[in-house]
Amino acid sequence: MKLLNKTLRLYIVYAALILLIAVPVFYFAIKNIVIEDVDESMMAQKSALIKKLEMQTNGAQLYPEINSTDFELKLLASYSKFDTFFITYKYDSISKEILPYRTMKTNVLIQTKPYSMTLRSSLIDTEDLIERICLITGLLSLLIIVGLFFITRYISRKVWHPFYSTLNLLHTFRVDKDETLQLPNTEISEFSDLNQTITKLATTNMAVFKSQKEFTENASHEMQTPLAVFQSKVELLMQTNPLTSEQAALITEAEQAVQRMNKLNKTLLLLAKIDNNQFSETETIVLEALIRQLLAQYAGAIAEKNIAVDSAEMDNSSITVNRYLLEVLIGNLLTNSIRYNINSGSIKISITNKRLFVSNTGLQTPLDTSKLFHRFQKQNTSNSSSGLGLALVKQICDLYNATVNYDFKEVNHIFSVDFNSSVT
Amino acid sequence: MKILIIEDEKELSKGIISYLKEESYVCEIASDFKMAIEKTESFDYDCILLDISLPGGNGLNILKELKANKKSDGVIIISAKDSIDDRIEGLNYGADDYLAKPFHLSELSARIAAVIRRRRFDGNSKMVINEISIDTFAKIINVNNCRLELTKKEYDLLLYLVTNKNRVISKNAIAAHISGDDADMFDSFDFIYAHIKNIKKKLAASGCSDYIKSVYGIGYRFDV
């Protein structure tokens, strides 16, 4: 949930609650006040009426200033003190509505005779008044709340604007890219503080990342010389005389190890160089031409395993990338498809619309896709596998915004590379 | 033949000298920039092995000095850097060859031999080993004065074995020599065996002695 909505939601819930409670409470409070008022005026009216009736001789007929429907006087057998107020509803033939009346029933003595007196006062006007007051108050409150809502939102937006622009910039920030993080200046000290802290953090991170990249490259470079010494000594060891078969076997194994180390080091160096953007030169390359060239290079290995290569479905897609990296990328996919193939297996290579598919027979089970493209993840126990080949493929694809995928269909391992979103 | 090894890693220079002792080379070592400049200024060498990163300076400056003084020493750069740019830079400064570390001593030996052959001024591009004569300019091999029909790879391989004669060349070194960078992509050395078998067959057919020996599982040696 957005920060803004979170604050506003609280406001709205509070305002709605207040509105829901306040309006009825307000309504009843006013109604009570009004009724009290009506009651008081009816008491006053009663006193006035009694006074007037006292002076008349024929009490039952004479009540000139009051509407006969609102006044009743009944002779009682005996007098007892009685006073009551209540609300009655009566049908009004003029407005054709049932209207509320405040009714006072009281026992009085007029000219020493006991009477039951009933006084009615229409509440229709007061009811209307209360309703209007409530309506106006409600509307006003609503207006205030809505106004507050928009003002708060506006202020929040304005206040949080630097925060959101920082957030947007952070979204696009990549520690492995060379662009430094440029956060906007803001007058709000908290955000200015935040921006400064983030900028500092980003700078430190970039420096750490850079030094790590440089470390890999430097380490690989430094490794070359001792490797060269090691290799030369192994070669000299081969020249020693006499050489027994036991020694020869040991030397061969040592040489294989140094070769692997050498290859590993070269691949690490290549990964580091890709990280460091050292392959900026690009050219437009027709994929088919490159694949044919690579297949010709691997012809020996393909023939050795008696692998059938189907490369009929290739269109003339071309992409603009670094030639060396593309050779490494496709070379790795092709050599994998040869190396992990079975004898008399098959390879199918196709290109459609900048999409390359390399599918080959091999293991009967699909590869574990979760870590397939991670560094040093070996899918088999082959000694000669560095576990870096597919990581290299992934890294080159990432560099050019291409996507690489693995699929297993009908006992075929399918690697596909889609160059469509790559910047060319 | 005088060779100067400009390399700060003493173990490596020792190894190179040890491997090259089969040839009639006189090898000298310069282990830092100053010593290298002194030596190259005072003497002429047939071939200089030049490391780029040296204590005291950049090896490329030695190359520049040589060219400025119009010296014609052959130069092979041996460097830990192996990017295309580094190679182009080195060759642009006038190096004859570029070999990235780590390298096979047999490969280095073959490259030195090639540089020396190219710089030989008497126009004699022939190497003779008993009944075998190799014209490295025309890329023709004769056995008992009869032309030996070899494929390009077979010629390369035989020349490689001959220039490293009496030394064991590992299968890895042969694979790297023949296939370049692709060599380490496949585990199989069967194609080397096939090439060697063909060469031996062709040599035997022209009445040549069997010089190529298989040494246990390691590799091959051209025994003279």
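Take A:ILE87, project a point 7 Å from its Cα along the Cβ direction, then tell me which residues of region A:95-120 have their backbone nitrogen under 18 Å from it.
Within reach of a label on A:ILE87: A:97-105, A:119-120.
Return the ratio Rg/(2.2 N^0.38 Å) for chain B, where Rg is computed over Cα atoms only.
It is 1.07.
Could you check what % of the DSSP bridge pairs in the protein assembly as shown are antiparallel, to the nearest 5?
75
Quote the accessible area belonging to A:ARG157 in square angstrom, nearest 10, computed with a 1.4 Å probe and with ligands, DNA and RNA left uncounted.
Accessible area, nearest 10 Å²: 130 Å².
Can you give me the orientation-averaged projected area of the convex hull built on the Cα atoms of the protein assembly as shown, in nm²? Before the final figure, lay out the partial values.
Numbers: hull surface 219.6 nm².
Convex hull of Cα atoms, orientation-averaged projection: 54.9 nm².
Enter the buried accessible area of the B/A pair, total of both sides, probe 1.4 Å, in Å² rounded to the nearest 100. Mind showing how you got there, number by number?
Values: alone 11720 and 26790 Å², together 35380 Å².
Rounded to the nearest hundred, the buried surface is 3100 Å².
For each pair in A:LYS273/A:LYS305; A:LYS210/B:LYS81; B:LYS171/B:LYS202, compute the distance between the two Cα atoms and list the pairs where it is over 29 Å. Walk me through the intermediate numbers first.
Numbers: A:LYS273/A:LYS305 34 Å; A:LYS210/B:LYS81 20 Å; B:LYS171/B:LYS202 21 Å.
Flagged as over cut-off: A:LYS273/A:LYS305.
If r is the Cβ-Cβ distance from A:SER141 to A:HIS161 and R0 is 35 Å, what FRET efficiency results, to the nearest 0.05?
0.70
Add +1 for every Lys or Arg and -1 for every Asp or Glu among the other residues with Cβ under 11 Å from the Cβ of A:ASN316, and state the total.
The answer is -1.
Just going by the charge dipole of region B:126-222, with Lys and Arg at +1 and Asp and Glu at -1 on Cβ, which of B:CYS146, B:VAL162, B:ALA176 is farthest out on the positive end?
B:CYS146
Determine the distance separating the Cα centre of region A:198-213 from the Cα centre of region A:140-190; give it in Å without decimals.
25
Counting other Cβ atoms within 10 Å of each Cβ, which GluC sites (Glu not before Pro) in region A:238-315 have at most 16 and sit in a DSSP loop? Walk me through the numbers on the way to the answer.
Details: sites: A:GLU246, A:GLU253, A:GLU255, A:GLU281, A:GLU283, A:GLU288, A:GLU304, A:GLU313; in loops: A:GLU281, A:GLU313.
Taking region A:238-315 and a limit of 16 other Cβ atoms within 10 Å, the loop GluC sites (Glu not before Pro) found are A:GLU281, A:GLU313.
Using a 10 angstrom cutoff on alpha carbons, build the Gaussian network for chain A and name the most mobile of A:LEU135, A:LEU334, A:LEU227.
Its mean-square fluctuation being the largest, the pick is A:LEU135.
Send over a whole-number figure in Å² for the accessible area per residue of region B:126-222, probe 1.4 Å.
46
With a 1.4 Å probe and all protein chains kept in place, how do A:MET314, B:MET35 rank by accessible area, largest first?
If we order A:MET314, B:MET35 from most to least accessible, we get B:MET35, A:MET314.
In nm, what is the difference between 0.36 nm times the number of residues separating A:ASN405 and A:ALA312 and their Cα-Cα distance?
31.3 nm
Between A:LEU356, A:VAL108, A:TYR11, whose Cα lies farthest towards the positive end of the dipole of chain A when Lys and Arg beta carbons carry +1 and Asp and Glu beta carbons carry -1, centred on the Cα centre?
A:VAL108
Can you run phi through the Karplus equation (6.51, -1.76, 1.60; θ = phi - 60°) for region B:125-139 and list ³J(HN,Hα) in whole Hz, with x for Gly and Pro?
With coefficients 6.51, -1.76 and 1.60, one gets 9, 9, 10, 10, 10, 6, 7, 9, 10, 10, 9, 6, 6, 7, 6 Hz.
Accessible surface of A:TYR91 in the full protein assembly, 1.4 angstrom probe, to the nearest 10 Å²?
For A:TYR91, solvent-accessible area is about 150 Å².
If you rank A:GLU235, B:GLU28, A:GLU214 by how much accessible surface each has, with a 1.4 Å probe, what is the order from largest down?
Per-residue accessible area, sorted high to low, gives A:GLU214, B:GLU28, A:GLU235.
Hey, got the dipole for region B:2-120? About the Cα centre, +1 on K and R Cβ, -1 on D and E Cβ, debye to the nearest 20? Could you put the intermediate results ahead of the total?
Details: 18 positive and 22 negative charges, 82 e Å.
Rounded to the nearest 20 debye, it is 400 debye.
Using a 1.4 angstrom probe on protein heavy atoms only, which residues from region A:233-248 are buried by at least 10 Å² of accessible area when all chains are present rather than their own chain alone?
The answer is A:LYS233, A:GLU235, A:LEU236, A:MET238, A:GLN239, A:LEU243, A:SER245, A:ALA248 - residues whose exposure falls by at least 10 Å² when every protein chain is included.
Evaluate the charge dipole of the protein assembly as shown about its Cα centre and quote only its size in Debye, nearest 20, assuming +1 on the Cβ of each Lys and Arg and -1 on the Cβ of each Asp and Glu.
So the magnitude is around 780 debye.
Along the charge dipole of region B:1-143, pointing to its positive end and built from +1/-1 on Cβ of Lys, Arg, Asp and Glu, which listed residue (B:SER125, B:GLY59, B:LEU12) has its Cα farthest out?
Of the options given, the answer is B:SER125.
Taking the Cα centre of region B:126-222 as origin, sum charge times position over the Cβ atoms of Lys and Arg (+1) and Asp and Glu (-1), and report the length of that vector in debye to the nearest 20.
Approximately 400 debye in magnitude.
Under the classification rounded if a/c is under 1.5, otherwise prolate if a/b is larger than b/c and oblate if not, where does region B:2-120 fall, given a ≥ b ≥ c as square roots of the Cα gyration tensor eigenvalues?
rounded
Kindly sort A:MET55, A:MET117 by accessible area of their heavy atoms, largest first, with the probe set to 1.4 Å.
A:MET55, A:MET117
Measure off 7 Å from each Cα along the Cα-to-Cβ vector at A:LEU76 and A:PHE26, then give the distance between these two points in nanometres to one decimal.
4.3
Quick query: amide H of B:GLY74 versus all other amide H atoms, modeled in the peptide plane; which residues come in under 5 Å with a sequence gap of 5 or more or a different chain?
Amide H to amide H, under 5 Å and 5 or more residues apart or across chains, B:GLY74 pairs with B:CYS47, B:ILE48.
Taking R0 as 45 Å, what FRET efficiency do you get between B:TYR216 and A:THR216 from their Cβ-Cβ distance, rounded to the nearest 0.05?
E(calc), rounded to 0.05, equals 0.75.
Please report, as a whole percent, how much of the solvent-accessible surface of chain A comes from carbon and sulfur atoms (probe radius 1.4 Å).
Result for chain A: 58 percent of the exposed heavy-atom area is carbon or sulfur.
Amide H neighbours of A:SER346 under 5 Å, counting only residues 5+ apart in sequence or on other chains, H built in-plane at 1.01 Å?
A:ALA308, A:THR361
With just the Cα atoms defining each centre, how far is region A:238-302 from region A:314-331? Give it in Å.
Value for the Cα centre distance between the two parts: 19 Å.
Suppose R0 equals 51 Å; then what is the FRET efficiency for A:VAL286 and B:ASP32 from their Cβ-Cβ distance, rounded to the nearest 0.05?
So, using R0 = 51 Å, E works out to roughly 0.55.
Post the alpha-carbon centroid distance, region A:389-420 to region B:19-92, in whole angstrom.
Between the Cα centres of region A:389-420 and region B:19-92 lies a distance of 43 Å.
Which one of A:HIS374, A:HIS171, A:HIS161 has the biggest mean-square fluctuation once chain A is modelled by GNM with Cα springs under 10 Å?
Of A:HIS374, A:HIS171, A:HIS161, the most mobile in the Gaussian network model is A:HIS171.
Could you tell me the accessible area of B:CYS146 in Å² (1.4 Å probe, neighbours in place), rounded to the nearest ten?
B:CYS146 exposes around 80 Å² with every protein chain in place.
With chain A treated as a Gaussian network of Cα nodes joined by springs under 10 Å, which of A:GLY331, A:GLY387, A:GLY147 yields the largest mean-square fluctuation?
Its mean-square fluctuation being the largest, the pick is A:GLY147.
The values are calculated or read from the model by the stated rules, or taken from the named source; none is laboratory data. Predicted model, so just to flag it, every value in this text is computed and none were measured. In this analysis, Cβ positions are derived from the backbone assuming ideal geometry, glycine residues included, and neighbour counts consider all displayed protein chains. Side chains included, ligands, DNA and RNA excluded: accessible areas come from the protein's heavy atoms. Shrake-Rupley method; radii C 1.70, N 1.55, O 1.52, S 1.80 Å.
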